[in-house]
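These notes are about the structure you will find just below.
Derivation of every value follows stated rules applied to the coordinates shown; laboratory data play no part. This structure is a prediction, so every number in the text was calculated from the model and none was measured. We place every Cβ from the backbone using ideal geometry, glycine too, and count neighbours over all the protein chains shown.
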Amino acid sequence: MNRLGISIYPEHSTPEQDQAYIALAHKHGYTRIFTCLLSVEGDQETIMKGFRDTIAYANQLGMEVIVDIAPRVFGALGISYQDLSFFHQLGAYGIRMDLGFTGNEESIMTHNPYGLKIELNMSSGTKYIDNIMTYQPNRDNLIGSHNFYPHRYSGLSLKHFLSCSEQFKQYGIRTSAFVNARTATYGPWPIMEGLCSLEMHRTLPIDVQAKHLFATGLIDDVIIANAYATEEELQLLQQVKPGMLTFKADLYETITDLERKIVLEELHFYRGDVSDYLIRSTQSRVKYKAEEFKPTYTPPIRRGDILIENELYGQYKGELQIALQDMENSGKTNVVGRIAEEELFLLDYLQPWSKFAFSATAK
């Protein structure tokens, strides 16, 4: 099961603001919360007072709070990795290790008596996870998440992101990554030029970021890194369906009612006998074999065009396709719409027999 989450930064907000945001996220089905103790100053009591009430409120709603820490925080708060009672008393679901120890310490932490989850930093690209595994951790208490990056151009490359994620998934570890909310104004640090794990996501709509993460098959949970996302953004993200890519589609005025029904209402799947040129969804040509498909708009075909074969193509009439390359049009193919430009790269993540759908963009 894939899950969604938000982030809160109590040092930069108030309990009332954070709790209102938590309630809004909960209303839309969010179940995870990330928060940060990396810049902690002061004693345990001060920290406990600032975080406990908000975490308790989240727990009442059944939401899981992960607290981000680093080894130096253990020293600052007088905590031992062998005694995690501080985080249990705080009400945390788990702790995230921004920087790790040597491997054995993390393994010991997974055997804590409170069942606290130990979340590992997935973005280092080292053999960190392999090393921890040699120390026989309790895998049920081990999860992972990528870093996020507030500096433009400093986020992870796609190649590195995929490689790091694969390291964790090979052990069956639950994974997560962060997306950027365009309207959110702050994170844990003063510099904030968006906040996301993958650099290529920084300027993309929030739902497109999540579609990509889920489409890789390597990320289980998606968390909004910055605060506060708007209700509209929370809803957009909540509407993303893991396991089935839904493309935003600009449908042309020339589309017929039947063609619109085929695009928006039929279940589509990518035929297994793949072509370099087309993604073919063929069930509509069977279902609507007896219907008319007159030639309408038949311009040259571009990558990302949504196509339905017209009656000039004989037995192929009614078949829906997505163009993978630019092609000439013989006049037998109606171009009924086009996938949104910012989502064209997602075509590379459709696999043979993948299910997919379309949603019409607002005019």
Item to check | Estimated 222 nm signal from helices in the chain, with DSSP H stretches of n ≥ 4 weighted -39500 (n - 2.57), rounded to 500 | outcome: -8000 deg cm²/dmol
Checklist entry - If R0 is 45 Å, what FRET efficiency do you get for Leu61 and Gln315 from their C-beta distance, rounded to 0.05? => result 0.25
Checklist entry - Taking the simple approach of a point 7 Å from Cα along Cα-to-Cβ for both Ser124 and Gln239, what is their distance in nm? => result 4.0 nm
Checklist entry - Based on Cβ point charges of +1 for Lys and Arg and -1 for Asp and Glu, what charge dipole magnitude is obtained for the chain about its Cα centre, in debye rounded to the nearest 20? => result 720 debye
Next on the checklist: Under the 0.36 nm per residue contour assumption, what length would be gained going from the current alpha-carbon distance of Tyr114 and His88 to full extension?
Outcome noted: 8.7 nm
Checklist entry - Over the C-alpha atoms of segment 246-360, what are the Rg and the largest Cα-to-Cα span, Dmax, in Å? => result 12.6, 36
Checklist outcome for this item: Relative contact order in percent for segment 270-363 (Cα pairs under 8 Å, 6+ apart) equals 33 percent
Item to check | Two-site label geometry, Ser330 and Arg303: point separation in nm, points 7 Å out along Cα→Cβ | outcome: 2.4 nm
Checklist outcome for this item: With x for Gly and Pro, the residue-by-residue ³J(HN,Hα) of segment 166-175, computed from phi through the Karplus equation 6.51 cos²θ - 1.76 cosθ + 1.60 at θ = phi - 60° and given in whole Hz, is 4, 4, 7, 5, 5, 9, x, 7, 5, 10
Checklist entry - Charges only on Cβ, +1 for Lys and Arg, -1 for Asp and Glu: so what's the dipole of segment 262-359 about the Cα centre, in debye to the nearest 20? => result 300 debye
Next on the checklist: How large is the translational diffusion coefficient of segment 3-243 in µm² per second when you combine the Kirkwood radius over alpha carbon pairs with Stokes-Einstein at 4 °C and 1.567 mPa s?
Outcome noted: 72 µm²/s
Checklist outcome for this item: Counting only DSSP beta bridges fully inside the chain, the antiparallel percentage to nearest 5 is 35 percent
